[in-house]
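This report concerns only the one structure given below.
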Amino acid sequence: MAVTLAQSRASAMDWYTNRVPSERCESERTIALKTATAKRAVADVMDMLDLPDDVLEHNLAHLSHANLARLASISAKALARNAVVGIPLRPHLAPPHPKWSQRVGVGQAAVTLVAGQAAVPAPTPKPPPLPPARPEVALQRKAWVDFPLEARTEINHNTLRLRFKLPVEELGLPVGMHIFLKAKIGGKLVMRAYTPVGFGPGYVEFVIKVYFPLLPRFPEGGKLTQHMHAMEVGDTLSFKGPLGEIDFDENLSADAQAAPCETLVRFQYKGELGGAVKHFGFVAGGSGITPCLQVAAALLKLERDITISLLYANQTAADILCEEQINELRKDSRFSVWYTVDRPADGWAFSVGFINEDMCREHLPPPGDSTYVFMCGPPPMLDRACKPNLAKLGHADGRVLCF
């Protein structure tokens with residue numbers, strides 16, 4: 001008759017619990033059976049430890065006090081035998097000789113009995129510290145929330161900076177992602193994606209280019225930007241987020257910020273590791289500059305050996321957004337910028353016309369294992385000018401990504 005696993009274990013355990021006469025030797029088969037049973041027992045314990053702590057605690061509470069005390073004693077002795085590889089075991093951690101010491105359970109503490117000494121309670125181990133609570137954030141991924149306009153600054157005739165007040169200190173926007181803004185205009189809901197140019201404790205800021213009606217090509221203009229242009233302090237706008245596929249937030253943890261300068265910058269793309277980067281190329285058109293600046297400003301705060309090259313296209317020099325922030329980033333030798341405009345003024349020192357192959361070759365990093373290009377701008381510019389010319393230079397599709 002075949003022996004069941006339970007019978008096999010019981011047979012082997014007999015050898016542990018019943019003393020063997022000294023004149024009798026264990027056969028190789030019995031030794032092998034005992035070894036296999038011990039391995040199975042360890043495997044059972046490991047499987048049990050896969051359970052959540054609260055489930056284990058609930059199940060172990062059904063054991064008798066004596067068995068729980070024995071389990072605690074055995075665990076303490078096993079822990080004393082265990083040390084990190086390469087670190088010698090300290091003498092006071094060595095398990096005591098059975099003739100001189102034993103550990104017995106008393107309540108929730110343990111007591112060590114040593115010959116010639118009074119019982120001294122061993123210190124109760126401190127529970128592991130709880131992970132820090134996540135701060136409350138203003139943004140909601142699946143719900144719209146309203147923020148009031150706190151301040152507005154008109155930069156020029158069609159560009160303004162809007163600062164909105166948050167209900168809590170933290171915005172909750174990972175670096176590389178954006179926010180949907182929504183308003184009801186003329187009885188209809190209008191929604192657009194924007195990336196803030198800055199945010200801090202209790203506020204978020206946007207630089208908005210207002211698209212007024214332009215006949216005959218754009219008779220109604222930009223409905224949401226005109227609505228924001230008409231907003232007064234105290235008016236509210238609806239927000240939802242974060243949204244997007246690119247996330248650089250893992251580089252901002254304390255451990256990541258302490259990493260060596262040669263460490264590559266990692267990013268997540270669609271929830272998985274997108275790549276590791278040393279040379280960044282950014283291509284922006286018009287208001288597409290904001291996600292590029294958001295990422296560049298965050299990465300330049302890291303002590304990393306990286307380069308960031310920005311190619312920025314506009315219709316005229318007057319349309320260039322966030323020039324003050326760009327000039328601030330230029331103070332860092334790791335950052336460079338090149339402009340191109342369709343209609344240059346006299347004395348224009350940069351390129352003229354649509355983005356072409358020569359501009360990409362001269363002002364963006366060459367293709368390589370640690371090079372990625374990130375873009376944001378009007379779809380015709382990205383599809384007809386940027387992607388084809390980058391492909392000609394050898395940039396792989398998977399290394400040219402859109403915010």
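Quick look at the values:
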| quantity | calculated |
| --- | --- |
| Scan of the range 369-394 for residues that are outside any helix (DSSP H, G or I) and farther than 19 Å from Ala296 by Cβ, ordered by number | Asp369, Pro378, Leu393, Gly394 |
| Members of the range 256-283 found to be assigned to a loop (DSSP other than H, G, I, E, B) and under 13 Å from the mean Cα position of the chain (by Cα), listed by number | Lys270, Gly271 |
| Count - residues of the range 349-377 that are surrounded by fewer than 18 Cβ atoms within 10 Å (Cβ to Cβ) and out of contact with any helix residue (DSSP H, G or I) (no Cβ under 7 Å at 6 or more places or on another chain) | 11 |
| Which listed residue is within 26 Å of Ser333 (Cβ to Cβ) and hydrophobic (A, V, I, L, M, F, W, C), from Ala259, Ala230 | Ala259 |
| Counted residues, the range 322-367 - those being within 26 Å of Glu205 (Cα to Cα), in contact (Cβ under 8 Å) with a residue 12 or more places away in the chain and within 29 Å of the chain's Cα centre (by Cα) | 9 |
| The range 255-300 - residue that is farther than 15 Å from Val337 by Cβ and of a type in the set (Val, Ile, Thr) and, of those, surrounded by the fewest Cβ atoms within 10 Å (Cβ to Cβ) | Thr263 |
| Test: residue in the range 237-254 that is acidic (Asp, Glu), in contact (Cβ under 8 Å) with a residue 40 or more places away in the chain and surrounded by 17 or more Cβ atoms within 10 Å (Cβ to Cβ) | yes |
| Exclusive hit being in contact with a helix residue (DSSP H, G or I) (Cβ under 9 Å, 6 or more places away or on another chain), farther than 15 Å from Phe239 by Cβ and not charged (D, E, K, R), set Pro213, Pro196 | Pro213 |
| Qualifying positions in the range 153-181 - over 24 Å from Val295 (Cα atoms) and either in contact with a Cys (Cβ under 7 Å, 6 or more places away or on another chain) or not in a loop (DSSP other than H, G, I, E, B) (or both) | Glu154, Asn156 |
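Here, each number is a calculation from the coordinates, and none is a lab measurement. Treat the numbers as computed from the prediction; the structure is a model and nothing was measured. Here the Cβ is made from the backbone with ideal geometry for all residues, glycine too, and neighbour counts use every protein chain on show.
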